[in-house]
1. Could you calculate the contour length gain from His36 to Tyr113, that is, 0.36 nm times the residue separation minus the distance between their Cα atoms, to one decimal place in nm?
2. Of all the accessible heavy-atom surface of the chain, with the other protein chains kept in place and a 1.4 Å probe, what percent is carbon and sulfur?
3. Could I have the simple spin-label model distance between Arg120 and Val9, label points 7 Å from Cα toward Cβ, reported in nm to one decimal?
4. Please name which of Leu51, Asn76, Leu32 has its Cα lying farthest along the dipole of the range 19-79 towards the positive end, using unit charges on Cβ (Lys, Arg +1; Asp, Glu -1) and the Cα centre as origin.
5. Taking 25 Å as R0, compute the FRET efficiency from the Cβ-Cβ separation of Gln23 and Leu60 and round it to 0.05.
6. So if R0 is 35 Å, what FRET efficiency would Ser91 and Thr47 give, r being the distance between their Cβ atoms, rounded to the nearest 0.05?
7. What does the extension gain come out to for Ile127 and Val102, with contour length at 0.36 nm per residue minus their alpha carbon separation?
8. Just add up the charged neighbours of Pro56: K/R +1, D/E -1, any other residue whose Cβ is under 15 Å from the Cβ of Pro56.
Amino acid sequence: MDTQMFDSVIVWTILALGLFVYQKLTYFIVRLKTGHGNETVQAWGDTLERLISALPLLGLLGTIMGLLEAFTALANGEGLTATSALSEGISSALWTTQLGLVIAVPAWMLLSYMKNLSTREELANAIQPATAP
């Protein structure tokens, strides 16, 4: 892969946000699997959902920026240079879209799994009878 693909602020924002989201999801899934509480997971559930939803939108922003670059180069350039700049801009645009989706889709699946574990723990705690002193 060309290192030029990583020279965009949008790409680094998607990667940083994705890393943060996956770290939180992993942490909360491990906590739920080991039975160490559900309160924090519930508090973070909506926030994580919004952060994950931002990933494809950031990819779309990168797409718009890449296409603007491509068409600006086409408007300013002539001949083979313009064609090369156009292809580079379109490539950059598609890369950010793909990156946003590739990071978001598995995160949505992990979020669903985390919420399922959280619901199961809530039900298990509700079913258990209170212990007598």
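The values are calculated or read from the model by the stated rules, or taken from the named source; none is laboratory data. Values in this document were obtained by computation on a predicted structure and should not be read as measured data. Glycine gets a Cβ as well: all are built from the backbone with ideal geometry, and neighbour counts include every protein chain shown. The protein model used for the area step is the full one, side chains on, heavy atoms only, and it has no ligands, DNA or RNA in it. Shrake-Rupley method; radii C 1.70, N 1.55, O 1.52, S 1.80 Å.
1. Values: separation 77, 0.36 × 77 = 27.72 nm, distance 1.65 nm.
Result for the pair: 26.1 nm of gain on full extension.
2. Values: 5640 of 8500 Å².
For the chain, the apolar C and S fraction of the accessible surface comes to 66 percent.
3. Label at Arg120, label at Val9, 4.3 nm between them.
4. Leu32
5. Working: r = 24 Å, r/R0 = 0.96.
It comes out at approximately 0.55.
6. Numbers: r = 33 Å, r/R0 = 0.95.
About 0.60, to the nearest 0.05.
7. Details: separation 25, 0.36 × 25 = 9.00 nm, distance 3.87 nm.
So the chain would gain 5.1 nm between Ile127 and Val102.
8. Numbers: positive: Arg50; negative: Glu49.
Spelling it out: positives minus negatives among the neighbours equals 0.
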